[in-house]
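Each reported figure results from applying straightforward, stated rules to the coordinates on display, with no laboratory input. Because the structure is a prediction, the values reported are computed rather than measured. Ideal geometry is used to build each Cβ from the backbone, glycine not excepted, and the neighbour counts take in all protein chains shown.
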Amino acid sequence: MESSISKDLDDILVTVMATDDKAFGNRLLSLRKQHGWSQPELGEQIGTSGAIIGRYERGEITPSIEVAKKLADTFSVTLDFLVGDKEVPNILQDQSMLARWQEIDALEPAERDRILSVVDSLVRDAKTRQAYRMSA
């Protein structure tokens with residue numbers, strides 16, 4: 001049954017990615033360059049060759065769901081972002097930030113709301129200071 005599920009997931013991924021292979025390739029290329037990796041370096045990280053990475057980037061071939069998952073994990077983004085369903089990457093790419101937010105999420109609702117209110121205030125203040133500096 002696992003192979004049937006895996007096959008179904010592969011079919012879904014191929015269908016989604018086939019709609020815009022260039023978008024996937026461009027996103028993969030952009031992520032690779034943001035990390036400063038060559039095609040062979042990325043290939044080594046996920047267990048394939050640089051030539052295959054190049055073919056993904058050019059939209060010539062589509063990775064399996066397993067490979068797409070490895071790519072998403074390598075770049076700390078979601079599969080949705082990688083295949084082009086979302087324009088914004090997972091903002092919690094930093095594992096330490098993710099751990100902090102998970103700790104906050106585990107608190108009692110009232111305490112969590114209090115903390116988030118403070119965070120919202122700090123963000124608003126920072127944005128105000130930033131806007132003031134830009135206008136000066």
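Between SER96 and ALA110, full extension at 0.36 nm per residue minus the direct alpha carbon distance yields a gain of 2.7 nm.
Quote to one decimal, in nm, the extra length available between GLU44 and THR74 on full extension: 0.36 nm per residue of separation minus the C-alpha distance between them. The partial results should precede the final answer.
Details: separation 30, 0.36 × 30 = 10.80 nm, distance 1.12 nm.
Here the segment from GLU44 to THR74 would lengthen by 9.7 nm.
Between ARG129 and SER117, residue separation times 0.36 nm minus the direct Cα-Cα distance comes to 2.5 nm.
Sorted fewest first by neighbouring Cβ atoms within 10 angstrom, TYR56, TYR132 come out as TYR132, TYR56.
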